[in-house]
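Computed from the coordinates by the stated procedures, all read-outs in this text should not be read as laboratory data. From a predicted model like this one, the values you see are computed outputs, not experimental measurements. Cβ placement follows ideal geometry from the backbone for every residue including glycine, while neighbour counts extend to all protein chains displayed.
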Amino acid sequence: MSIYFVTRHPGAHDWAAAEGLQVDALVPHLDPAIIQPGDQVIGSLPVNLAAEVCARGGRYLHLSLDLPPALRGQELGVEQMRACNARIEEYRVLPIDHTQGDRP
């Protein structure tokens, strides 16, 4: 089992280290093809990639923030992330099969 932390943000990396988060690999982008059953992926992935992680038997742990509009698009430091209630939340993401006639 491997634990991947997917981020390209130095502040997120610093926050994870300050929180004592243990990871095997810090990667700026994830190739879901490397995910094996039981692997954990931590980050803020697009929903289609999170679904692929889950489909491959991995666990998806989302880096969630209560981010006010004024901070969107900015690089955050450790204290800003803490102020925004940074946390890791596990999600299971599954696509809907619309071939059975169930359309949105």
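If you plug each phi of segment 50-55 into the Karplus form 6.51 cos²θ - 1.76 cosθ + 1.60 with θ = phi - 60°, what whole-Hz ³J(HN,Hα) values come out, in order, with x for Gly and Pro?
4, 5, 5, 4, 5, 5
For the pair E75 and M1, what calculated FRET efficiency results from E = 1/(1 + (r/R0)^6), where r is the Cβ-Cβ distance and R0 = 30 Å, to the nearest 0.05?
Working: r = 31 Å, r/R0 = 1.03.
FRET efficiency, M1 to E75: 0.45.
Could you pull out every residue, at least 5 positions away or on a different chain, whose amide H is within less than 5 Å of the one on R87? Hs are placed 1.01 Å off N in the peptide plane, and Pro or chain starts have none.
S64
Identify which of the listed values of Cα Rg over 2.2 N^0.38 Å was calculated from the structure shown: (1) 1.17; (2) 1.47; (3) 1.40.
For Cα Rg over 2.2 N^0.38 Å, the calculated option is (1).
Using amide H atoms built in the peptide plane, which far-off residues or other-chain residues are under 5 Å from I3 H to H?
Close amide H contacts, sequence-distant or interchain: D24, A25, Q40.
Considering amide H positions built from the backbone, and no H for Pro or chain starts, which residues 5 or more places from S44, or on another chain, come under 5 Å of its amide H?
So S44 has HN proximity to L63.
Given a Förster radius of 30 Å and the C-beta distance between D97 and H13 as r, what FRET efficiency does 1/(1 + (r/R0)^6) yield to the nearest 0.05? Mind dumping the intermediate values first?
Details: r = 37 Å, r/R0 = 1.23.
Efficiency at R0 = 30 Å is approximately 0.25.
Work out the length of the dipole vector of the chain about its Cα centre, built from +1 on the beta-carbon of each Lys and Arg and -1 on the beta-carbon of each Asp and Glu, and round it to the nearest 20 debye. Don't skip to the answer; put the middle values down first.
Numbers: 8 positive and 13 negative charges, 29 e Å.
For the chain, the charge dipole is close to 140 debye.
When only Cα pairs under 8 Å and 6 or more residues apart are kept, what is the percent relative contact order across the chain?
Working: 160 pairs, mean separation 29.8, N = 104.
That works out to 29 percent.
Given the -39500 (n - 2.57) contribution per DSSP H run of 4+ residues, what per-residue ellipticity at 222 nm results for the chain, rounded to the nearest 500 deg cm²/dmol? Don't jump to the answer; show the numbers that get you there.
Numbers: 3 runs with 24 residues, N = 104.
The per-residue figure over the chain is -6000 deg cm²/dmol.
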